[in-house]
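The values are calculated or read from the model by the stated rules, or taken from the named source; none is laboratory data. Model, not experiment: these values are computed from the prediction. With ideal geometry, Cβ positions are generated from the backbone for all residues, glycine too; neighbour counts draw on all protein chains shown.
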Amino acid sequence: MNREQLEHAIRAACDVASEDRVIVFGSQSILGKFPDASANLRQSIEVDIAPGSGDPAVADQIDGALGEDSTFHATHGFYVHGLTIEAAVLPAGWERRTVTVSAGRGDGMGRCLEAHDLAASKLAAFREKDRDFVRTLLVERLVNPRKLRLRIQQLPPARIPADTLLTWLDATVREIVDHPRSSAGGER
């Protein structure tokens, strides 16, 4: 996915939702702050979007019209996963730090997660692909380890304890410092 496709997804989601703002919170929200993010960070053909209203019925409408295997997906080669924001584990205060992306032509706005909030959220899921994504953010210096540490500490209690996430972060930062060329993760 690229920034142009993200803007298209935001326009389409705003149109389906009949709302002027949506929240972009999956991996592709990195394109809010970093529109030219590396291909390693843009491998997903899915963008997670929540309606600004938070209405689960509207999230279902977005998913039905723009989701996987929809006509939109077949036509454009990417799709929108309509969800509510509660699907993500996010650090306290994330709402104040979002990056606004205009969908162009006055057709809506997307509030994309700030990079450190995104990284903390990805680590909270603690799947291998999410850890690889965060490792790439660290290697490419798009997130600062100290700031990420603070965001992890701002996460609500979750399935994976914060201590586990902090231990992973410390080990990964040491690995990057010790072996900078071999630290980038594989496929996302």
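Go through (1) at pLDDT 95 or above; (2) over 19 Å from the mean Cα position of the chain (by Cα); (3) within 16 Å of ARG3 (Cβ to Cβ) for SER70 and report which single condition fails.
(3)
Take the conditions surrounded by fewer than 15 Cβ atoms within 10 Å (Cβ to Cβ) and free of Cβ contacts under 8 Å to residues at least 24 places away in the same chain and apply them to ALA92. Does it pass?
no
Hey, ASP36 hits all of (1) in a helix (DSSP H, G or I); (2) surrounded by fewer than 18 Cβ atoms within 10 Å (Cβ to Cβ); (3) touching a residue at least 24 places away in the same chain (Cβ under 8 Å) but one; which does it fall short on?
(1)
Out of the residues in the range 47-80 that are touching a Phe, Trp or Tyr at 6+ places or on another chain (Cβ under 6 Å) and more than 14 Å from ILE23 (Cβ to Cβ), which is surrounded by the most Cβ atoms within 10 Å (Cβ to Cβ)?
Filtering the range 47-80 for residues that are touching a Phe, Trp or Tyr at 6+ places or on another chain (Cβ under 6 Å) and more than 14 Å from ILE23 (Cβ to Cβ), the one surrounded by the most Cβ atoms within 10 Å (Cβ to Cβ) comes out as LEU66.
Limited to the range 140-158, what total is found for residues that are in contact with a helix residue (DSSP H, G or I) (Cβ under 8 Å, 6 or more places away or on another chain) and in a loop (DSSP other than H, G, I, E, B)?
Summing the residues that are in contact with a helix residue (DSSP H, G or I) (Cβ under 8 Å, 6 or more places away or on another chain) and in a loop (DSSP other than H, G, I, E, B) in the range 140-158 gives 7.
How many residues, within the range 39-60, are of a type in the set (S, T, N, Q) and assigned to a helix (DSSP H, G or I)? Outline the logic, then answer.
First pass over the range 39-60, keeping only residues of a type in the set (S, T, N, Q): 40, 43-44, 53.
In the following step, the residues that additionally are assigned to a helix (DSSP H, G or I) were identified as 40.
Total meeting the criteria: 1.
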